[in-house]
Each structure stands twice: as structure tokens, then as C-alpha cells.
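One structure below.
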Amino acid sequence: AAYKAPATEMEELLAAIWQDVLGIPDIGISDNFFTLGGDSIKGIQMASRLNQHGLKLEMKDLFQHPTIEELVSYVERTEGKEADQGPVEGESMLTPIQRWFFDRKFTNQHHWNQSVMLHAPKGFDPIAVEKTLQALTEHHDALRMVYREEQGDVIQYNRGLNEASVDMKVFKLNGPAIDNEEKIELEADHLQSSIVLETGNLLKAGLFQAEDGDHLLLAVHHLAVDGVSWRILLEDFAAVYTQLKQGNKPVLPQKTHSFAEYAERLKEFANTKAFLKETDYWRQLEENTIQTPLPKDRQSSDQRMKHTRTVQFSLTAEETEKLTTKVHEAYHTEMNDILLTALGLAMKNWTGQDQVSVHLEGHGREEILEDISISRTVGWFTSMYPMVLNMKHADDLAYQLKQMKEDIRHVPNKGVGYGILRYLTAPEHKTELEFSIQPEISFNYLGQFNEMADSGLFTRSSMPSGQSLSPETEKPNALDIVGYIENGTLTMTLAYHSLEFHERTIQAFSDSFKTHLLKVMEHCLAQDGTVLTPSDLGDDDLTLDELDKLMEIF
């Protein structure tokens with residue numbers, strides 16, 4: 001939009017936050033958050049920054065009013081809603097995704113991490129790194145969790161500050177890192193496998209000091225982190241490390257509500273009348289889903305992660321920029337609308353089926369609980385739910401894309417309720433549900449990762465970070481598809497079971513996925529103007545065909 005400068009204090013604050021989160025200068029009050037490259041995860045980051053100013057914004061308002069001039073009247077003060085700033089200690093309930101994890105009884109469940117390897121060309125100060133990690137462990141309560149089994153149940157316990165410590169090893173390497181790659185990988189593997197759930201710590205660090213800069217491995221058990229948590233941790237790491245190097249006492253933004261409080265409130269919410277209305281949607285999905293197995297090249301009873309292989313494709317920086325901005329103007333789409341349409345088209349080509357079920361993963365931080373904010377809370381909040389990609393209109397790309405968008409919008413609360421129903425709702429409230437849909441494919445778009453480059457202190461290291469998951473643990477899905485944007489480039493990674501699929505099979509599917517993605521993008525960019533769909537009008541009952549007929553009349 002034509003630049004329209006902020007005129008009030010609130011507009012100036014919102015513009016400054018948008019510029020920070022989106023990495024774009026001179027944002028005007030009539031610019032659209034989503035056509036500038038924003039998404040739901042960027043929205044959470046924006047809410048986190050507002051929270052630091054004592055302000056609150058609900059994500060539904062951002063989606064409905066995506067310009068500053070529309071949004072400014074929906075920003076509220078958070079008086080009386082502040083989270084307890086003290087340390088959390090004691091027993092904490094498990095969230096649905098944590099219950100899923102323990103129900104699966106994975107082999108070597110202690111070794112089930114998420115990790116990142118950072119590179120600082122000018123090196124890290126080991127003492128400052130250790131003090132930084134100590135501050136993060138004290139501030140982010142989930143990093144102090146331990147897990148004990150009592151009478152067949154898993155107990156999640158938050159240790160107090162007196163038990164907050166840092167496990168960090170320093171390795172002095174001779175010569176540049178590239179000449180020590182084998183040693184780095186060996187030590188990283190050892191560190192990744194050293195977490196013990198009963199005793200902690202869930203965070204392990206390894207600092208590799210080389211002639212050409214230092215490499216810092218941070219490994220955290222998945223029970224304590226997710227994709228949004230890493231954004232928080234990396235941002236806080238950069239802030240505290242910088243403060244310490246400047247000789248200042250570490251100061252972090254105010255906490256949002258704790259993981260323990262969120263889990264407790266979620267259990268209460270799981271049996272409310274308002275929430276249980278979701279049951280009908282999931283029951284109908286089960287009744288109408290025909291599950292067809294993937295066309296595997298061969299069968300195998302050995303499902304260990306050690307047999308996982310990956311293929312991937314990337315878009316160019318120019319294509320990625322279009323995908324995050326201009327592509328969405330045609331149909332008011334979001335990233336998953338585009339990616340899942342392309343995925344569905346590729347799946348139809350591969351399987352010959354009009355209907356494909358997938359496990360969708362989302363950040364899970366939907367605003368379903370009143371007066372609870374978790375925009376700066378570290379923990380595992382991921383939602384996992386089945387969705388059926390209905391590709392009956394594949395020959396009409398415009399209609400198929402609009403249908404996919406509407407199908408996604410009709411998922412209640414972006415799918416977070418499925419896990420709540422399955423693991424938290426009382427049995428008498430879900431007698432009509434069997435939770436029978438078992439997709440063999442999982443899909444997760446993680447959003448954009450700019451935090452490391454933004455800090456100026458470090459970037460992602462090219463050195464091996466070790467195996468985040470035990471090679472002996474079971475692979476949850478036959479095919480895992482993960483997308484993310486880093487350094488301005490979209491990458492889609494497809495992890496498959498090599499005893500079930502030939503590499504050429506998955507490579508052909510990957511090529512088809514990319515081809516269809518570019519075709520969908522090309523179609524959207526060729527449209528003149530914007531086409532509305534029923535969800536844009538807030539009408540859940542109106543169908544696409546009915547809206548098209550109405551538009552013909554007018």
C-alpha cells in the first residue's frame with residue numbers, strides 16, 4: 001500500500017514492532033501484515049513484544065484486521081492479567097503432545113531432542129555462555145523439568161532454582177573446525193545421547209573452540225521445547241550474552257504464563273460445554289475418511305530411525321519472497337493453503353487417490369484459554385491432528401485452492417482440540433470418537449527463522465550437530481515433510497523410511513511437489529485482483545458454489 005505514516009503513539013509502537021518482527025523498514029499503517037510476509041508464528045512474536053509493553057492482542061484480531069490502522073483499536077492493556085514472575089516448582093500436568101510422546105513408549109526416549117549448532121566467527125566467551133545458559137534455565141521453568149514414573153504414570157516435575165544448573169562441556173580443537181569435523185560429530189553424538197529424563201538437565205551444551213571461530217551446540221529434550229520455544233531461547237540467549245559482555249546484569253522481558261499453569265487450565269477446558277462442541281467435527285471426519293496406505297516399494301517391520309534418509313528441495317530467494325507476500329493477494333491465503341494444495345496435487349499424482357490423510361502439526365499456541373498468554377513461554381505446545389486433503393477438483397486449480405483454504409479454515413481452533421479430546425477429555429464425553437485416522441504422512445511448516453542472523457552474534461553452523469533422535473528409536477511416520485524459511489529461502493525436507501521406499505521414489509515425489517508448488521504460485525500471481533471465499537466473510541455455512549452464485553447476481 002502507499003506509505004501512510006503512524007500518527008499516534010500506539011501506531012508508532014505497532015509499526016516499530018512490525019518492522020522488528022518482519023525485518024522490513026518504514027512500515028505504514030495501511031500495510032497488510034500478511035502480504036509483508038507475516039504468518040501466525042510472526043504474530044506470536046509480535047504479541048510477545050506487545051506483552052513487554054503491558055499490552056495484549058488476540059491473534060484472531062490480527063487475522064481479521066491485518067493493518068495497523070484497523071488493528072490499533074483492538075490492542076488492550078493487560079492490567080490484572082500479568083503472569084506470576086516467580087520460579088515454578090512442583091508437579092506439573094502433561095500436555096496432549098507430551099502424553100502422545102509417553103504413550104508411544106519410544107525406545108531410548110531419553111534421546112529425543114531438538115538441537116541447534118551456532119557459529120560465532122569471533123568466538124564465544126565460555127564463562128559468559130555458561131552464565132547466559134544459567135539465566136535462561138532460571139527464567140524458563142520448562143528447562144528445569146524432570147520426569148519420573150510412579151505406579152505406571154509419568155510425573156512431570158518442575159525443579160526449583162536451587163537445582164538449576166548448566167551442563168556445558170568445552171572442547172579445544174587444533175586448527176579450523178572443518179579439520180575437526182569427525183571429532184565434533186563424535187562429541188556431539190555423545191552429548192545428544194546424555195540426557196536423562198529422571199534427573200535432568202534437559203538442556204546440554206557443547207562449545208567447540210576452533211581457530212576460525214567457535215561452534216556452540218545446544219541440545220534440549222523435545223519435552224521442553226518446540227519451534228516457537230527455540231525462537232524465544234535464541235533471542236534471549238543473544239540478549240543476555242550481550243548484556244553480560246557489556247558488564248551489565250542480565251535482564252529478560254516479563255514472563256508470560258507458565259507451562260504448568262497452561263497445562264492445568266487446559267485440563268479444565270477439556271470438559272467444558274464450549275469445547276466439546278468440537279466433537280462433531282472430528283466424528284464426521286472419521287466417518288467420511290477412507291484410509292488408503294501409501295504405495296510403498298516394500299514392507300519392513302524394522303521401523304528404527306537409523307534407516308531414515310532425506311531428500312529436499314528449495315526455492316530461490318526471489319521465489320520465496322513471492323511465496324511469502326504477493327502469492328497470497330489473489331485468494332487471501334496463508335502459507336499452509338498454498339503448500340498443502342501443492343502437496344495434495346503431488347500426492348494425487350503419486351497415489352492416484354482423490355483423498356489423502358496427513359498428520360498436520362501446528363505451533364499449538366492458539367488462544368483458547370481466557371486470560372492466559374504463552375507468547376514468551378518455553379515448552380512443548382505442538383498440536384498434532386489428522387486432516388484429509390480432498391483433491392477432487394485438481395483439474396480446476398482455482399477451485400481446488402479455494403476449497404483447500406476453506407477446508408483448513410473449518411478445522412476448529414487450528415486443530416489444537418484434537419489432542420485435548422484424545423488425551424485430556426473424560427471418556428464419557430467422547431464415546432462417539434474412535435481416533436481411528438492413522439495417516440502415514442506428517443506435515444509441518446515451521447515458519448521463518450531469522451533470529452540467529454538478526455542477533456549479529458552468530459549464525460547457524462555448518463558443522464555436524466550429532467543425532468537429535470536416537471537411531472534406535474522408532475520413526476513415528478513413514479514420511480515426514482517439514483518446511484522452513486532461513487536466509488530468505490524456503491526449504492522442504494522429506495524424511496522417509498529407506499527400508500520401505502527407494503530413494504528414486506521419494507525424489508520423484510519431491511520433484512512433483514516442487515513442480516506443483518511453482519504452478520500454484522504462478523497461478524496466484526497471474527490473478528487480477530482478489531477473490532473472496534466464505535471464510536473471508538465469516539460465514540461457516542456458506543459453500544464456495546453458493547458464494548459464486550451470489551457473486552454472479554451482484
Semi-axes a, b, c in Å (a largest) for segment 83-184, each sqrt of 5 times a Cα gyration tensor eigenvalue, come to 32, 21, 11
With segment 9-77 reduced to its Cα atoms and the Debye formula applied, log10 I(q)/I(0) at q = 0.12, 0.23, 0.27 1/Å amounts to -0.23, -0.97, -1.48
For segment 90-255, the dipole about the Cα centre with charges only on Cβ (Lys and Arg +1, Asp and Glu -1), to the nearest 20 debye, works out at 440
Rg/Rh of segment 379-426 (Cα atoms, Kirkwood Rh), to two decimals, equals 1.13
Checked against a 28 Å limit on the C-alpha separation, the offending pairs among LYS183/LYS249; LYS60/LYS348; LYS56/LYS430; LYS42/LYS326; LYS204/LYS267; LYS60/LYS249 are LYS183/LYS249; LYS60/LYS348; LYS56/LYS430; LYS204/LYS267; LYS60/LYS249
Expressed to one decimal in nm², the mean projection of the alpha carbon convex hull of segment 327-392 is 6.5
ASP84 neighbourhood, Cβ < 11 Å, K/R = +1, D/E = -1, net charge -2
Here, ASN32 and GLU182, labelled 7 Å along Cα→Cβ, have an inter-label distance in nm of 5.5
ALA5 and LYS105 label points (each 7 Å along its Cα→Cβ direction) are spaced in nm at 6.8
In deg cm²/dmol, rounded to the nearest 500, the helical mean residue ellipticity at 222 nm of the chain, built from -39500 (n - 2.57) for every DSSP H run of length 4 or more, is -11000 deg cm²/dmol
Treating every alpha carbon of segment 477-519 as one equal point scatterer without solvent, the Debye formula yields log10 I(q)/I(0) values at q = 0.28 Å⁻¹ of -1.05
Kirkwood-based Rg/Rh on the Cα set of segment 213-262 evaluates to 1.02
Taking a ≥ b ≥ c as the square roots of the Cα gyration tensor eigenvalues, with a/c under 1.5 meaning rounded and otherwise prolate when a/b beats b/c or oblate if not, segment 1-155 comes out prolate
Shape descriptor, segment 90-255: equivalent ellipsoid semi-axes (Cα gyration tensor, sqrt 5λ, whole Å, largest first) stand at 29, 20, 12
Taking every other residue with Cβ under 12 Å from the Cβ of ARG144 and scoring Lys and Arg +1, Asp and Glu -1, one gets -3
Checking segment 1-54 for chymotrypsin sites (Phe, Trp or Tyr not before Pro) in a loop per DSSP with at most 12 other beta-carbon atoms within 10 Å yields TYR3
So THR351 and PHE435, fully extended at 0.36 nm per residue minus their Cα-Cα distance, gain in nm 27.9 nm
Sparse-neighbourhood loop hits (trypsin sites (Lys or Arg not before Pro), segment 373-412; DSSP loop; Cβ within 10 Å at most 12 others) -> LYS392
Per the charge dipole of the chain (beta-carbon charges, Lys/Arg positive, Asp/Glu negative, Cα centre), the residue among ASN444, ALA177, GLY419 reaching farthest to the positive end is ALA177
With N residues in the chain, Rg(alpha-carbon) / (2.2 N^0.38 Å) equals 0.97
Once GLN299 and GLN85 are pulled to full extension, the length gained, defined as 0.36 nm per residue separation minus their Cα-Cα distance, is 71.8 nm
A correct Karplus calculation of ³J(HN,Hα) over segment 417-428, with 6.51 cos²θ - 1.76 cosθ + 1.60, θ = phi - 60°, whole Hz and x for Gly and Pro, returns x, 4, x, 4, 4, 5, 10, 10, 6, 4, x, 5
So, with points 7 Å from each Cα along the Cβ direction, the GLN527-THR543 label distance in nm works out to 2.1
Between ASP212 and residues 5 or more places away or on another chain, the pairs with built amide H atoms under 5 Å apart involve ALA177
Here Rg/Rh (Cα, Kirkwood) for segment 286-351 equals 1.09
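Just so you know, all these numbers are worked out from the coordinates, no wet-lab data involved. If you're wondering where the values come from, they're calculated on a predicted model, not measured in any experiment. Note that each Cβ is placed from the backbone with ideal geometry, even for glycine, and that neighbours are counted across all protein chains shown.
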